[in-house]
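Let me begin by presenting the structure, written as C-alpha cells, before commenting on it.
The values are calculated or read from the model by the stated rules, or taken from the named source; none is laboratory data. Since the model is a prediction, treat every value here as computed from it, not as a measurement. Heads up, the Cβs are rebuilt from the backbone with ideal geometry, glycines too, and the neighbour counts pull from every protein chain shown. Ligands, DNA and RNA are excluded from the accessible area calculation, which covers all protein heavy atoms including side chains. Shrake-Rupley method; radii C 1.70, N 1.55, O 1.52, S 1.80 Å.
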Amino acid sequence: MSAYDEVEIEDMEWNAELGAYTYPCPCGDLFQITLADLRLGEEIARCPSCSLFLTVVYNAEDFADAKEPQKPSPRPVAVA
Amino acid sequence: MEKATIPAAAAAAAAAKEEQEEEDTVWAWSWGAGTDGQLGNGGFQDHHLPQPLLFPPRCRGRVSFVAGGGAHAIALTSDGEVFTWGRGTHGQLGHGDVENIPHPKFVKFIENYTITCVSAGWNHSGFATDSGQLFMCGDGSFGQLGAGDNHPRNLPFEVAHFTTKHVEKLAFGMRHSLVLLKDNSVYGFGSARRGQIGRCARNQRFYNVPRLIDGFPNCNIENIYANGDHSAALDESGQLYIWGRALIGEHDDDQPRPVFPSLSISQMALGWHHALVLSAGKLYTIGAYRHQKLDPLVLPSADPVQQLNPPTTNHNHDESSSLSTLVKVPCVDGEQVVHIAAGTEHSALVTDKATVFTWGWGEHGQLGLGDTCDKVAPQKVNLGNKRPCSSASCNVYCGSGFTVVVNFGSAAN
C-alpha cells in the first residue's frame with residue numbers, strides 16, 4: 001500500500017494536546033507524527049482511526065534537536 | 001356497495017395509527033465514520049448500514065440541504081432554519097461551546113435570520129442570509145473565517161467584508177472558503193497554498209480577509225464548489241471552471257480554468273482527489289480515488305476513457321485542466337441520475353426513482369453497504385423498509401467519511 005498523500009511539514013498543524021504535527025485525514029480524523037518521530041527521521045504520519053498514512057516532507061536537520069513549537073496563541077481579540 | 005360510517009372512535013384510532021406509522025417511518029439516514037457524532041444518530045461510533053438521523057419531527061419534509069464537513073454537518077430547512085451536529089472542537093457547530101453533539105441541534109444564535117445557504121469546511125461553518133449577510137464560525141487558523149484574524153469563533157459572527165455586499169452562495173474546502181455574490185463576483189479566503197483562492201502574492205500562505213478571485217471570462221456564475229484544496233465554479237451555460245490543487249497531474253492552478261468546453265455540465269461534486277460531473281444525464285469522474293492509486297480504476301463497463309479537451313500547443317498549463325480525461329461512471333439502466341455528492345474519497349448519487357448508490361472508499365462504512373470494502377462502481381444502498389411509501393424524492397450529501405440521505409416533501413426541492 002502506498003502513502004495516501006505527501007504533505008510538507010509547513011502544511012501540518014502543531015497540536016500540543018497530542019504532542020504531534022497533524023494533517024486532516026479523509027476519514028475525518030487526523031494524521032499524526034510526533035516530535036520524537038521527527039527527531040528520529042520518521043517520515044510517516046499515521047491516522048489512529050484508519051489504515052491510511054501520509055509521507056511527511058521535512059528537513060531532518062531542522063528537527064535534530066527540535067523543541068515543542070510555541071503555539072501562536074489564538075486568543076480572542078480584546079474589544080475596545 | 002355498503003359504505004359504513006366509521007364511528008368517531010375508530011376514526012380517531014385510525015388517525016392515531018397513521019400518526020404512529022408516520023413517526024415510525026424514517027425519512028433521514030446517515031452512515032459511515034461516526035466517532036465525533038457526525039452521523040447525528042445519537043451515538044459516537046461508525047455505522048456500516050443506514051441509521052435513522054435524529055432530526056426533530058417538525059423538520060420532516062423541510063430539510064432542503066445538508067452540508068457535510070470534516071466531521072460535522074449543517075442542515076438547512078426550507079424556511080431558513082439551521083441545525084448542526086458532529087464535531088464541535090473548534091466551535092464549528094455555532095452553539096457557543098466546543099462540544100461534540102451526536103444529534104441535530106438548532107442553531108439558536110441565528111434564529112432571527114432566514115438562512116438560504118450553508119457550507120461546511122474541515123472545521124468551519126458558514127451561513128448566508130436571505131438579505132445577503134454572511135455569518136461564520138469554527139476554526140480560523142488559516143483565515144478561513146474571513147475575520148481579518150486567525151482566531152476560532154464558537155458563535156456565528158457576521159463577516160464585515162460583506163456587510164455592503166449581497167452573498168448568495170458558499171462553498172468551503174478543507175481550509176478555504178469561497179463566496180459567490182449576487183453581482184456575480186467570487187471571493188476567496190483562507191489557505192492559499194494550492195491556488196484555491198486565486199492568484200496570491202508569492203509566499204502568501206493564507207488570506208484572512210476576503211479577496212476577489214479574478215480570471216473568469218464574461219459569464220454568469222451559477223454555483224461554486226470546494227473540497228480539499230480544490231475550487232470550482234459552474235456558469236449558466238454549463239461551462240465548468242476549476243482551480244486550486246490539480247485533480248490530475250502535479251500542477252496546481254491559481255486561476256479559474258475552463259474545462260471540458262464540449263460538455264454542458266449541470267452538476268458537479270468535489271472530493272479531495274476526484275470530482276464528479278453530470279452532463280446530459282451522463283456521470284463522469286475526474287481524477288481518481290487516491291487510496292486506490294496503485295490500483296487504477298478499472299470500470300466493468302470498459303467504457304473508453306474520453307479525452308474531451310484536445311491538447312493544444314499554446315497551452316502552457318497542466319494536464320489537469322486542458323488534458324484531463326473523464327471516466328464515465330456506469331449507471332443503472334432505466335434510471336436517471338438526478339443528484340450527486342462526493343465525500344473526501346467516496347461518491348454517491350440518487351436516481352429519479354429515489355434509489356441511492358455509493359462507491360469509492362469504504363473503510364468506515366461510508367458506502368452504507370454493510371461492510372468496509374471499497375467499490376469501483378456504484379452500488380445500491382438499502383435504506384430499509386421503514387421508508388415512507390410516499391417518498392417521491394430524496395437527496396444525498398457527503399461529509400468527509402460519512403453520507404446523509406434526506407427525503408424531502410413533495411412541495412420542496
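Nearest 10 degrees is fine. How inclined is helix B:8-24 to the longest principal axis of chain B, computing both from alpha carbons?
30 degrees
Given an 8 Å cut-off on Cα distances and at least 6 residues of separation, report the relative contact order of the range B:52-196 as a percent.
On the way: 392 pairs, mean separation 26.4, N = 145.
Relative contact order comes out at 18 percent.
Top to bottom by accessible area (1.4 Å), largest first, where do B:T25, B:T114, B:T35 land?
Sorted descending by solvent-accessible area, the residues read B:T35, B:T114, B:T25.
For each pair in B:K17/B:K386; B:K105/B:K182; B:K282/B:K353; B:K282/B:K386; B:K169/B:K328, compute the distance between the two Cα atoms and list the pairs where it is over 20 Å.
B:K105/B:K182; B:K282/B:K386; B:K169/B:K328
Of the accessible area of the protein assembly as shown, with the probe set at 1.4 angstrom, what percent is carbon plus sulfur?
Answer for the protein assembly as shown: carbon and sulfur cover 49 percent of the accessible area.
Kindly compute the accessible surface that chains A and B hide from a 1.4 Å probe when together, both sides summed, and give it to the nearest 100 Å².
Details: alone 5710 and 18060 Å², together 21770 Å².
Counting protein atoms only, the buried area is about 2000 Å².
Run the helix sum for the protein assembly as shown: -39,500 (n - 2.57) per DSSP H stretch of 4+ residues, divided by residue count, reported at 222 nm to the nearest 500 deg cm²/dmol.
Taking each H run of at least 4 residues, the total per residue is -1500 deg cm²/dmol.
Ignore the peptide's own chain and count Cβ atoms of other chains within 10 Å of each Cβ in A:1-14; give me the average, rounded.
Across A:1-14, the average partner-chain Cβ count within 10 Å equals 3.
Under a cut-off of 16 Å between alpha-carbon atoms, report the aspartates and glutamates in cross-link reach of B:K380, not counting same-chain residues fewer than 8 places apart.
In chain and number order, the partners are B:D333, B:E335, B:D352, B:D371.
Just name one of B:I197, B:I248, B:G32: the one whose Cα is farthest towards the positive end of the charge dipole of chain B (beta-carbon charges, Lys/Arg +1, Asp/Glu -1).
B:I197
State in Å² the accessible area per residue of chain B; use a 1.4 Å probe, count heavy atoms of protein chains only, and round to the nearest integer. Walk me through the intermediate numbers first.
On the way: 17080 Å² over 413 residues.
Solvent-accessible surface per residue comes out at 41 Å².
Using the Cβ atoms and a cut-off under 10 Å, what net charge is assigned to the surroundings of B:N223, where Lys and Arg are +1 and Asp and Glu are -1?
So the environment of B:N223 carries a net charge of -3.
Within the set of other residues whose C-beta is less than 14 Å from the C-beta of B:T35, count the net charge using Lys and Arg as +1 and Asp and Glu as -1.
Net local charge, B:T35 excluded: -3.
By the gyration tensor of its Cα atoms, with a ≥ b ≥ c the square roots of the eigenvalues, what is the shape of the range B:326-375: rounded for a/c under 1.5, prolate for a/b over b/c, or oblate? Intermediate results must be reported in sequence, preceding the final value.
Values: a/c = 2.04, a/b = 1.60, b/c = 1.27.
Here the range B:326-375 falls in the prolate category.
What does the accessible area of A:E6 come to, in Å² to the nearest 10, when a probe of 1.4 Å is used?
130 Å²
Using a 10 angstrom Cβ neighbour count of at most 13 plus a DSSP loop assignment to flag exposed trypsin sites (Lys or Arg not before Pro), which longest range of chain B is free of such sites?
It runs B:4-181.
Relative to a virtual label point 7 Å from the Cα of B:S131 in the Cα→beta-carbon direction, which members of the range B:147-175 show backbone nitrogen distances below 18 Å?
From the range B:147-175, the list is B:156-169.
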